[in-house]
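Reading through the structure tokens given below for one structure.
The values are calculated or read from the model by the stated rules, or taken from the named source; none is laboratory data. This is a predicted model, so every value here is computed, not measured. Neighbour counts are summed over all protein chains in view; Cβ atoms, including those assigned to glycine, are modelled from backbone coordinates with ideal geometry.
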Amino acid sequence: MERTLVLLKPDCVQRRLIGRVLSRFEDKGLNIVAMKMLQVTPALAKQHYAEHVSKPFYPGLEAFITASPIVALVVEGLEVIRVVREMLGATNGLKAAPGTLRGDFSSSRQMNLVHASDGPDASAREIALYFKPEELCGYEPSLTPWFRAGDE
């Protein structure tokens, strides 16, 4: 089992797409093991996007991510990092395939609704930025045998 951080960005919240996005993860059989709404501060944005702080586009990115509340999630499942990123689609909503979250709901590069960690190291670092260990509520849904075989 893997875990990944997912952020429903300000445009997702403002457009009232939270439930539709959450349902896509649940429909896929993934577990949401932590969730909260919060306002990203400039300090948290700098930590989260540390590799981009010195880049010319960073001020716009910080202004966007701090403009409205977000919903932070920890999603758990088999190969969840890859699976969630594939569910999101290409970063630019105009280039994202239909059927992906961005392909269905986004038409922008920056206002692309959702962030997901891009690998195991990023996932661990990002989850720790948004959640304390005691806020993660792992569980085994009773429907699990109907989503995957026991040896998966």
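Table for the structure above
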read-out: Qualifying positions in the range 68-85 - assigned to a strand (DSSP E or B) and either surrounded by fewer than 18 Cβ atoms within 10 Å (Cβ to Cβ) or not small (Gly, Ala, Ser) (or both); value: Ile70, Val71, Leu73, Val74, Val75, Glu76
read-out: Every residue from the range 109-139 that is over 17 Å from Arg20 (Cβ atoms), touching a residue at least 40 places away in the same chain (Cβ under 8 Å) and outside any helix (DSSP H, G or I); value: Gln110, Ser117, Phe131, Leu136, Cys137, Gly138, Tyr139
read-out: Residue ID - farthest from Asp11 (Cα to Cα), chosen from residues in the range 86-108 that are in a helix (DSSP H, G or I) and among the aliphatic types (A, V, I, L, M); value: Met87
read-out: Selection within the range 55-67 - outside any loop (DSSP other than H, G, I, E, B) and either surrounded by fewer than 16 Cβ atoms within 10 Å (Cβ to Cβ) or not acidic (Asp, Glu) (or both); value: Tyr58, Pro59, Gly60, Leu61, Ala63, Phe64, Ile65
read-out: Output for the range 21-34, where each listed residue is touching a helix residue (DSSP H, G or I) at 6+ places or on another chain (Cβ under 8 Å) and either assigned to a strand (DSSP E or B) or loosely packed, with under 14 Cβ neighbours inside 10 Å (or both); value: Ile32, Ala34
read-out: Test set (1) at pLDDT 95 or above; (2) over 12 Å from Ala116 (Cα atoms); (3) surrounded by 12 or more Cβ atoms within 10 Å (Cβ to Cβ) - Gly93 fails condition number; value: (1)
